Amino acid sequence: MAHDEAAAVPVPRRPALRRFLESRNGLGLLFMLPAAVFLLCFLTYPLGLGVWLGFTDTKIGRTGVFVGLENYAWLFDDPVFWLSVFNTLIYTVVASIAKFALGLWLALLLNRNLPMKKFFRAVILLPWVVPTVLSAMAFWWIFDSQFSIISWVLMKWGVISQPINFLGDPWTARWSVIAANVWRGIPFVAISLLAGLQTIPQSLNEAAAIDGATRWQMFTKVTLPLLTPIIAVVMTFSVLFTFTDFQLIYVLTRGGPVNATHLMATLSFQRAIPGGQLGEGAAIAVAMIPFLLAAILFSFFGLQRRRWQQGND
């Protein structure tokens, strides 16, 4: 009887908040809270403010009023805006493809048993760790219309008779800034893909070699499929960095000549800050969002492919 009375005594339950904090999900949310507050203050608020300014006619020194889609309608008929969209797409597509091709080649090369391999890995990182403004100033001298080292070498070899105006001709300026961006972005792609290559078991290539596979077949049938998730993430970040590039263009050309190298980011800054049209500049910045979302979706589907490789639906 005493045993039944003892069993009937209810066990005190811990408060719900304490149980939540002691659980794995609660502890994870607690650790994520500082980062969430940081993103809310320094990312969500500026993004929301920029979207709001895009719907107003705000100018520097004057509070604007709500004008709806007037800024976007004006941009739709603005040839300079569409030129910046064209420049941004050319700049992003060409530079991203070049960085991927050269970065993958470097990653495969550094993945081999080469002498002084660690030294070369460290050297390749230099273009990435050097401040953007400093590297842009170096390229500004390399592409100088009078003192360019490239023009000097080509003239000494007899290839050309006068210096090349790298940053003075529209298409030459476009290719010049793309070359500078590729030089700066290759290390990020190469080192990231090299890290992915290090995770691929060598036993898979050895088994393929025993089955008679060539080097090309081992690359396309073994290495490349296993590297696809890393490629998806790396190229997404590469596209985002390239699409939103500002410092390199602003230091080298400031959008010239005749707006030939203006990207959407540099045009947004020019219209908003030096031009004083905050609403118009914000509208150009907001117009970049659909392109950035497309890059993020590309990464998402790339990660879904990883689930397929692991045997999941």
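Would you please classify the overall shape of the range 29-156 from the alpha carbon gyration tensor, given that a ≥ b ≥ c denote the square roots of the eigenvalues, rounded means a/c under 1.5, and beyond that prolate means a/b larger than b/c while oblate covers the rest? It comes out oblate by the Cα gyration axes. Against the empirical curve 2.2 N^0.38 Å, the C-alpha radius of gyration of the range 90-242 lands at a ratio of 1.27. Distances longer than 15 Å among the Cα atoms of the range 158-247: what percent of all pairs is that? Beyond 15 Å sits 71 percent of the P(r) for the range 158-247. Only helices enter the 222 nm calculation for the chain: every DSSP H run of n ≥ 4 contributes -39,500 (n - 2.57), and dividing by all residues gives -21500 deg cm²/dmol, rounded to 500.
Quick check: the angle from helix 224-243's long axis to the longest principal axis of the chain, C-alpha only, nearest 10 degrees? Compared with the principal axis, the helix lies near 60 degrees. Charging the Cβ of each Asp and Glu at -1 and of each Lys and Arg at +1, and nothing else, the dipole of the chain about its Cα centre rounds to 840 debye. Have a look at Thr88, Leu126, Pro201 and report the one farthest towards the positive end of the charge dipole of the range 78-309, computed about the Cα centre with Cβ charges (Lys/Arg +1, Asp/Glu -1). Toward the positive end, the furthest listed residue is Pro201. Note on the range 53-107 and the range 182-200: Cα centroid distance 28 Å, given to the nearest whole angstrom.
Within the listed set Asp169, Asp77, Asp57, the residue fluctuating most in the Gaussian network model of the chain (springs between alpha-carbon atoms under 10 angstrom) is Asp77. Looking at (1) 23.8; (2) 21.6; (3) 20.7, which value of Kirkwood radius over Cα pairs in Å comes from a calculation on the structure shown? Computed from these coordinates, Kirkwood radius over Cα pairs in Å corresponds to label (1). Considering only Asn259, Asn205, Asn113, the mean-square fluctuation computed in a Gaussian network model of the chain, springs between alpha carbons under 10 angstrom, is largest for Asn113.
Normalised by residue count, the range 113-184 yields a Cα convex hull volume of 127 Å³ per residue.
A short reminder: the numbers here are calculations on the coordinates, not readings from a lab. Just so we're clear, the structure is a prediction, and the values are computed from it rather than from any experiment. FYI the Cβ positions are ideal-geometry reconstructions off the backbone, even for glycines, and counts take in every protein chain you see.
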